[in-house]
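Worksheet: one structure, shown below.
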Amino acid sequence: MKLSVISPTFDEAQNVGPLLEQLSQVLCGVDYEILIVDDDSPDQTWFVAQQAARRDRRVRVLRRLQNPGLGAAVIDGFKAAQGEVVACIDADLQHDPSILPKMLEELGRGSDVVVGSRYVVGGGTGDWNWFRRIESQTATALAKIVLGANLNDPMSGYFLMWREDFARVQEQLNGKGFKILLEILAKLHPANIREVPYTFRSRMAGKSKLSSKVVFQYLGQLCQLSKVGRLYSERFLKFATIGSVGVAVNLLTMTLFLKLTGEPGWQASAVASLTANVSNYILNNYWTFSDRLHKGFAIVKGYFSYLLMTSLGLVVTTSAYIVLTSGLRQISVFRYPPFGSFTALFCQSLSIVFGMYLNYRLNTAITWPDRARPEASQLRLRSRAVVARLLGRRKEPTP
Ligand code: GDD
Ligand code: MN
């Protein structure tokens, strides 16, 4: 198994030498190549690297003249790599090269991506000042919240993965800014990410290129990734919008029901919710999940799945309604007609919120699963087994 170590450089002429030296020491015994990807640095880093490449055949230099930037440089480096495994490491020796063999080992043990991490036990940020520390922690927290990145150091520029996996997503990456790892993770959805601790060291020589422009770019990138990359917030927004349309349908149906029967009991709540349920399924199928559209007979099947998932929500909604109204019944609010209907509607609105969140999670995973993602279908299979067991329809072994 061959490892390609990609190191992006810009004005690192004094650092490439020591970097190559340290890498060759820690990688002794490993089949590897090193790619220095330089953006035509004014300090001629590319020239220093080319000289080193002349002495060592395992070193290659990519001198880029167009589309400068850290992310874009890493992408080009990964594309040019020949190893089965590609790693990315800063050239200024802030990323401790000595953990590379450990990272490689973790990948060999079945991980999809291995990240050098400052924020797990055993890692650290070294001698950062308070500003840099807060900046990094805020960015990390944002990445975790916005992307749901299940990782302690999603901002790390030190990572390693299978080149084959990279090749699968390479055309979807835009490479703007510093957060190439985040972008890769958002497109790849790797099932198994490992973090290996290290302490971020102080810079050997030269200065950081992480400017406020880069930080600004990062914020834009986060928004983009969360919307386009994961379709997460966009889909949820649609689901929530239809949810509110559903609330209108729900309350309208309920108003009619109350007019006809005059009885604000649980039946009113249940009938209203069921009507809204049918219209919500149809709207969600054609809009929210149009990329996973149910057609023909799948609509019937899909609706039953949706009904099953939302009936859990319905139970929550109706229970909440019963709890809320029973309290109010005791203080006799429902005896006075205008207050009675108004209070019933208000209680129903509150109850709907409870059921809503549960609905989204269940339906995304089970009614409209992402068939491209194995873990989604796993969940579907498991939940099918649970449902079958609940209905007593478990297949008995034939004698
Ligand atoms: N080719 C190329 N082009 N390389 C670049 C460019 C560019 O435009 N900008 C920076 N680099 C190289 C640097 O030469 C260095 O090897 C590496 O990318 C990291 O750049 P630094 O300027 O040293 O970044 P930093 O140390 O401030 O930021 C570190 O922390 C970030 C998260 O907190 C890095 O590890 C980042 O990768 C990381 O995202
Ligand atoms: Mn640095």
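For this structure, a couple of remarks:
- Taking the stretch 25-38 as the range and being in contact with a strand residue (DSSP E or B) (Cβ under 8 Å, 6 or more places away or on another chain) and not β-branched (V, I, T) as the test, the residues that pass are L27, D31, Y32, E33, L35, D38.
Conditions (1) in contact with a helix residue (DSSP H, G or I) (Cβ under 6 Å, 6 or more places away or on another chain); (2) in a loop (DSSP other than H, G, I, E, B); (3) within 16 Å of ligand 2 (Cβ to nearest atom); (4) open to solvent by less than 20 Å² (accessible area, probe 1.4 Å), marked per residue:
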site: G122; (1), (2), (3), (4): no, yes, no, no
site: R132; (1), (2), (3), (4): no, no, yes, no
site: A139; (1), (2), (3), (4): no, no, yes, yes
site: K144; (1), (2), (3), (4): no, no, no, no
site: L151; (1), (2), (3), (4): no, yes, no, yes
site: M161; (1), (2), (3), (4): no, no, no, yes
site: R168; (1), (2), (3), (4): no, no, no, no
site: G177; (1), (2), (3), (4): yes, yes, yes, yes
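- Filtered residues of the stretch 300-315 (kept if closer than 22 Å to A272 by Cα and free of Cβ contacts under 8 Å to residues at least 60 places away in the same chain): V300, Y303, F304, L307, M309, T310, S311, L312, G313, L314, V315
- Members of the stretch 263-310 that are open to solvent by less than 70 Å² (accessible area, probe 1.4 Å) and outside any helix (DSSP H, G or I): P264, G265, F289, L293, H294, G296
- Every condition in (1) crowded, with 19+ Cβ neighbours inside 10 Å; (2) more than 11 Å from ligand 1 (Cβ to nearest atom) is met by N192 except one, and the failing one is (1).
- Members of the stretch 65-118 found to be within 25 Å of the chain's Cα centre (by Cα), open to solvent by less than 10 Å² (accessible area, probe 1.4 Å) and away from ligand 1 (no atom under 16 Å from the Cβ), listed by number: V85, L107, S111
- The stretch 44-87: number of residues that are without any contact (Cβ under 8 Å) to a residue 60 or more places away in the chain and within 16 Å of ligand 2 (Cβ to nearest atom): 1
- Only a single item in (1) surrounded by 14 or more Cβ atoms within 10 Å (Cβ to Cβ); (2) modelled with pLDDT under 90; (3) closer than 21 Å to L100 by Cα is not met by S202, and it is number (1).
- Taken over the stretch 28-41, the residue count meeting the criterion of being more than 19 Å from P97 (Cα to Cα) and open to solvent by 10 Å² or more (accessible area, probe 1.4 Å) is 2.
- Criterion (over 34 Å from the mean Cα position of the chain (by Cα), open to solvent by 40 Å² or more (accessible area, probe 1.4 Å) and either on the phi > 0 side of the Ramachandran plot or not assigned by TED's automatic domain parsing to the domain that holds L181 (or both)) met by exactly one of Q25, Q44: Q44
The values are calculated or read from the model by the stated rules, or taken from the named source; none is laboratory data. From a predicted model like this one, the values you see are computed outputs, not experimental measurements. Neighbour counts are summed over all protein chains in view; Cβ atoms, including those assigned to glycine, are modelled from backbone coordinates with ideal geometry. Each accessible area value is taken on the protein alone, full model and side chains, heavy atoms only, with ligands, DNA and RNA left out. Shrake-Rupley method; radii C 1.70, N 1.55, O 1.52, S 1.80 Å.
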